[in-house]
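Trainee: Take a look at this one; I'll ask things after.
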Amino acid sequence: MSTAVSSSTMDREGGHTGFAFKNPLPGLRWKRLEEPLGFIKLLEWLFAIFAFGTCGSFIGETAAVVMCKVSETQTDTDLISVPFSYPFRLYRQRYEMPPCGETESRILHLSGDFSAPAEFFVTLSVFAFLYSMFALVIYLVFHERYTQIKRVPIVDFCVTGVFAFLWLVAASAWGKGLMDVKLATHPSSILSSMPVCQQENVSCSAGVTPFYGLANISVLFGFLNFFIWAANAWFVFKETAWNKQATNKEDSVERGEAEDLQ
């Protein structure tokens, strides 16, 4: 009997409860993540990481093959490989043109600088990641203050709308920049820039064509982020005083019409 009492007492005091689940962070409102406002913000946080990772970690390689006919029985073959990566300052990527006949060896570079749209895209991803994380902390920890202070939802709505617009600009700019990168790094661009390929005794052909799968995914994540932030703007707007005032006016009008009918 005493054993049963002591065990029940220990259970009430939080002793050997065993299977009872305790929230490690009791101050957080985890149910906020089940609502559209918190769930979409979590998606924004994840997709910002994906956009940053797919663009910032891209590494590509383009190549060309130069075959110089030294004699009727001898042909020298050279493989020219040029790696490139983020932030796509291609003019810094150098490669050596092989000598052949009267043409001497020469150091050449890829053409173009596409760092502006790529860096803007990555920078926006970082700021979107930081703001999404900050907003999630506000939603989970300071939910009461978020709903009580009228200016906070309004600021959140304005910032969300700005991010949605910037995502559209960044995704479009990076998409156009990626198309230019593809043209500048295609093996045909390397072949056309080498004077040695203009000789009759030289045969030039394309080597490795760069694989842009990761870069294409980054553009896709850019537009996905735009749609998510634009959708989230609506749910943030519903938390603002502007929406509540409009709702109250509609309710008062409906009540007035109902009273008139009575």
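The values are calculated or read from the model by the stated rules, or taken from the named source; none is laboratory data. For clarity, every value in this text was computed on a predicted model and none was experimentally measured. Don't worry about glycine lacking a Cβ; one is built from the backbone with ideal geometry, like all the others, and counts go over all protein chains shown. Remember, those area values only see protein heavy atoms, side chains included, never the ligands or the DNA or RNA. Shrake-Rupley method; radii C 1.70, N 1.55, O 1.52, S 1.80 Å.
Trainee: Based on this model, can you work out whether F223 counts as aromatic (F, W, Y), in contact (Cβ under 8 Å) with a residue 24 or more places away in the chain and not in a helix (DSSP H, G or I)?
Mentor: So F223 does not fit the description; no.
Trainee: Checking the structure you have, find out if any residue of region 203-210 is modelled with pLDDT under 90 and under 20 Å from D113 (Cα atoms).
Mentor: yes
Trainee: Suppose the filter is basic (K, R) and more than 30 Å from H143 (Cα to Cα); does K238 pass it?
Mentor: Considered against the rule, which asks whether it is basic (K, R) and more than 30 Å from H143 (Cα to Cα), K238 comes out as no.
Trainee: Looking at region 157-174, which of its residues are among the small types (G, A, S) and open to solvent by less than 20 Å² (accessible area, probe 1.4 Å)?
Mentor: Within region 157-174, A164, A170, A171 qualify.
Trainee: So the check is Cβ under 8 Å with 6+ separation or different chains; which pairs have a first residue in region 179-199 that's in contact (Cβ under 8 Å) with a residue 60 or more places away in the chain and a second one that's assigned to a helix (DSSP H, G or I) and loosely packed, with under 14 Cβ neighbours inside 10 Å?
Mentor: S189/L183
Trainee: Condition first: within 18 Å of the chain's Cα centre (by Cα), farther than 14 Å from A116 by Cα and touching a residue at least 40 places away in the same chain (Cβ under 8 Å). Now tell me which residues in region 157-178 satisfy that.
Mentor: T160, G161, F163, A164, L166, W167, L168 - these are the residues of region 157-178 that are within 18 Å of the chain's Cα centre (by Cα), farther than 14 Å from A116 by Cα and touching a residue at least 40 places away in the same chain (Cβ under 8 Å).
Trainee: Okay, moving on. Can you tell me which residue in region 139-169 is farthest from N232 (Cα to Cα), limited to those that are aliphatic (A, V, I, L, M) and in contact with a Gly (Cβ under 8 Å, 6 or more places away or on another chain)?
Mentor: V141
Trainee: Another question about this same structure. Mind checking whether some residue in region 134-156 is open to solvent by 80 Å² or more (accessible area, probe 1.4 Å) and within 18 Å of the chain's Cα centre (by Cα)?
Mentor: yes
Trainee: I'd like the residue in region 211-256 that is open to solvent by 70 Å² or more (accessible area, probe 1.4 Å) and among the β-branched types (V, I, T) and, out of all such residues, is modelled with the lowest pLDDT.
Mentor: V253
Trainee: While we're looking at this one, here's another question. Answer yes or no as to whether V202 is farther than 30 Å from Y86 by Cβ and open to solvent by less than 30 Å² (accessible area, probe 1.4 Å).
Mentor: yes
Trainee: In region 193-230, what residues are polar (S, T, N, Q) and in contact with an Asp or Glu (Cβ under 9 Å, 6 or more places away or on another chain)?
Mentor: Within region 193-230, Q199, N225 qualify.
Trainee: Can you find a residue in region 167-175 that is modelled with pLDDT of 95 or more, in a helix (DSSP H, G or I), of a type in the set (F, W, Y) and out of contact with any helix residue (DSSP H, G or I) (no Cβ under 6 Å at 6 or more places or on another chain)?
Mentor: No, region 167-175 contains no residue that is modelled with pLDDT of 95 or more, in a helix (DSSP H, G or I), of a type in the set (F, W, Y) and out of contact with any helix residue (DSSP H, G or I) (no Cβ under 6 Å at 6 or more places or on another chain).
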